[in-house]
Amino acid sequence: MLERIYKAQQIIDKACKQLGRKINIMEVCGTHTVSIFRNGIRSILPANLKLLSGPGCPVCVTHQGYIDTMLELAKREDFLIATYGDMIRVPGENGSLESMQTNAQIKVVLSSEDALELAKDNPDKKVVFIAVGFETTTPATAVVIDEASQQNIANFFILSNHKLVVPAMRALLSEKNNKIDAFLCPGHVSVITGSDIFSEIVEDFSRPCVVAGFEPIQIIEGIAEICKQLAEEKAELKSIYNAVVTEKGNAAAQRMICECFEPSAGYWRGLGKIDKSTYQLKEKYSQFDAFKHFGITDVPGKERSGCRCGEVLCGLIEPPECKLFGTSCTPDEPIGPCMVSSEGACAAWYKYNRKESDESS
Amino acid sequence: MKAAKNKKILLAHGGGGRLTEQLIRHNILPKLRNDVLAKLGDSAKLDFHSESLFFTTDSYVVKPLFFNGGDIGKLAVCGTINDLAVAGARPLALSLSLIIEEGFEFAKLDKILDSIGQTAKENNVDIVTGDTKTVEAGGVDEIFINTAGVGESIEGVELGLDKLEATDKVIINGSIGDHGLSVMSQREGLEFQTELLSDCAGLGGLIGQLLENTDGVKFMRDATRGGLAATLSEISSGSKLNIEIHEKNIPIKPSVQAAADMLGFDILTIANEGKFVAIVKPESADDFVKICKAHPLGKETSIIGKVTESSGEPTVRLITKIGGKRIIQMPYGRELPRIC
């Protein structure tokens, strides 16, 4: 493995030297972010190559309006909120699901199936599943919607904020940050969608897109491929994760998504409202749609004072540039979602890199 | 008098009357038999020979009570023995305090007591005093156990963070994360749980051998809650020195790594129940490793890094497998709940 790493490093070093300017590569997947920090990948890259953590962590991209809605539902009588672990710590103005746990019914689940089981076990409660995540987790939600429909489970609802990754990448490049030179594209989203979904970024924006897995060697080889393309002034879509990712993806999972959901306009933290970026339940499944059933209007919401998670997500600043970072916002008492989620850029920076950045600053 | 007929613990079993007497005489004493305990005095009288005495206590609330590789009883004995042993003490005797929920099955209690008795015997310590309380249903979750332990000092051995110097070696006696991930995966009902085995073990024997047969052991700590990351951070901040660890030298079982990845945990922060970190002067390190490797609890012993000078805030650095560098910090936030 070390030989492969050394070879990739040589390609990266040569390309970066040749380019002679600052190069920004963005990863759009929380698992990439964690792997990059945990393996110290930044520390072996040339100084003019910068890795940016983009909108790839489901908790981080979730807009404050959704968080506020989730917290408001948790207060209602006869409601039971089923959520993946990370969401319970995202704070609103008056605390998080975790801090409400003593007087509200909140249950951490490991899968959408568990959430549906909760609904079956608690027929007197309205069970709302906090359905967040990208194309990777959407099929699992679709499966339980299908089950709930077939079994006629009337007390099961989802508050869908499932996201599509490509519309966010488009919004980033066209509105927020055109300094991004290339994308390291997420392996597990691509397993579902196929790597072809990124071709529009290559075609419309001339940015290299390289799909890579999560092992450090795969990430480094992905970065090497990007650097090579940049040095050759090329922009291509390439997958170096061919063992798992195909061009067309998992057709069955895509069918499940299509059966239940359709892309609609939705809010993102830091990116605002993006057209066709959020999966909404189709009309025929609207009885499970918590927004519709309980008459909730989705709103962007107001970010907590001083929090710059939005700019972090867009690659406009690095976490230590936020005044709250490491002072009033820490993993123990997070203010923004990027510090809550273990996949968030701020949490990863704090955990694996904090002292290094203290020393260099 | 026959053994208790009840299949479940009643509140009255903690009431101090006949049922309590029955419980102690028929369920507890036979499993822990020794001369001191048999007297059932209000206090145990111990004879010891060293000038100073080591004293420690710990409570055990693990869920589930029975896990691959151990149970709450074994854990309660090993955990306290290990706290004594890593401090440089020879464990002598333990106390055992049970807080039991009304309705708890006798079958489970017997199994736990068997395990306590057997583990104590294997580790050459006696349970010399104890207490039993019962609480109403919901007052505790099944059973909580507290053990306290005393140990005597080993001649010529004095461990302390103040003894650490740059170039000292950092050694661990085997693979990390086994206990925490075994318990967690069992709790979450993950498919691969059967492959995972807690490392729960009493380290008194191995550590006794090490301290009696090698010079140059400067400090030891068992890497329990917070895992290797917490232990190394404590050693670094307590000694005001840096530590440099090589990821490639840390023993990790592939199945444990897979479980950590699946559950999204950093394996360095996962609890162990049969692992110590030792700081040993460089010229003694090879002897130390040799003794460890000859012992069943130290076959995978590895020198994982070294102590280095620190100019600023003491830091633990990890050289990753790919040659990158990152820091290791005291874990924060959500520790895994009820892992021990």
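The values are calculated or read from the model by the stated rules, or taken from the named source; none is laboratory data. Remember, it's a predicted structure, so these values are computed and weren't measured experimentally. Note that we place each Cβ from the backbone using ideal geometry, even for glycine, and neighbour counts take in every protein chain shown. Protein only, heavy atoms only, side chains kept; ligands, DNA and RNA dropped before computing areas. Shrake-Rupley method; radii C 1.70, N 1.55, O 1.52, S 1.80 Å.
The table for this structure:
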quantity: Wholly enclosed strands (runs of 3 or more DSSP E) of region B:257-340 bearing at least 3 residues within 17 Å of the chain's Cα centre (by Cα) and away from every other protein chain (no Cβ under 13 Å); calculated: B:276-280
quantity: Filter result for B:T167 (hydroxyl-bearing (S, T, Y), in contact (Cβ under 8 Å) with a residue 40 or more places away in the chain and either within 14 Å of another protein chain (Cβ to nearest Cβ) or surrounded by 23 or more Cβ atoms within 10 Å (Cβ to Cβ) (or both)); calculated: no
quantity: Total residues in region B:288-298, condition farther than 11 Å from B:L206 by Cβ and open to solvent by 50 Å² or more (accessible area, probe 1.4 Å); calculated: 1
quantity: Residues satisfying the stated conditions in region A:52-71, i.e. among the β-branched types (V, I, T) and within 14 Å of another protein chain (Cβ to nearest Cβ); calculated: A:V59
quantity: Sole exception among (1) more than 25 Å from the chain's Cα centre (by Cα); (2) farther than 27 Å from A:S195 by Cα; (3) within 14 Å of another protein chain (Cβ to nearest Cβ) for A:I5, by number; calculated: (2)
quantity: Residue list for region B:226-240, filter: touching a Leu at 6+ places or on another chain (Cβ under 6 Å) and either within 13 Å of chain A (Cβ to nearest Cβ) or under 16 Å from B:K306 (Cβ atoms) (or both); calculated: B:L228, B:A229, B:S239
quantity: Pick from region A:9-52, criterion of a type in the set (S, T, Y) and under 23 Å from the mean Cα position of the chain (by Cα), ranking: surrounded by the most Cβ atoms within 10 Å (Cβ to Cβ); calculated: A:T33
quantity: Candidate set from region B:98-140 (those that are free of Cβ contacts under 8 Å to residues at least 60 places away in the same chain and part of a helix (DSSP H, G or I)); member that is most open to solvent (accessible area, probe 1.4 Å); calculated: B:K121
quantity: Hits in region A:183-221 - residues which are over 29 Å from A:G272 (Cβ atoms) and open to solvent by less than 10 Å² (accessible area, probe 1.4 Å); calculated: A:G213, A:I219, A:I220
quantity: Only listed residue being part of a helix (DSSP H, G or I) and buried (at least 24 other Cβ atoms within 10 Å of the Cβ), chosen from B:L211, B:L181; calculated: B:L181
quantity: Members of region A:124-182 found to be touching a residue at least 60 places away in the same chain (Cβ under 8 Å), open to solvent by 20 Å² or more (accessible area, probe 1.4 Å) and within 14 Å of the chain's Cα centre (by Cα), listed by number; calculated: A:T137, A:L164, A:P167
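Residues checked against (1) at pLDDT 95 or above; (2) within 14 Å of chain B (Cβ to nearest Cβ); (3) in a helix (DSSP H, G or I):
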{"position": "A:V34", "(1), (2), (3)": "no, yes, yes"}
{"position": "A:K50", "(1), (2), (3)": "yes, no, no"}
{"position": "A:L73", "(1), (2), (3)": "no, no, yes"}
{"position": "A:I88", "(1), (2), (3)": "no, yes, yes"}
{"position": "A:E98", "(1), (2), (3)": "no, yes, yes"}
{"position": "A:T102", "(1), (2), (3)": "no, no, no"}
{"position": "A:K120", "(1), (2), (3)": "yes, no, yes"}
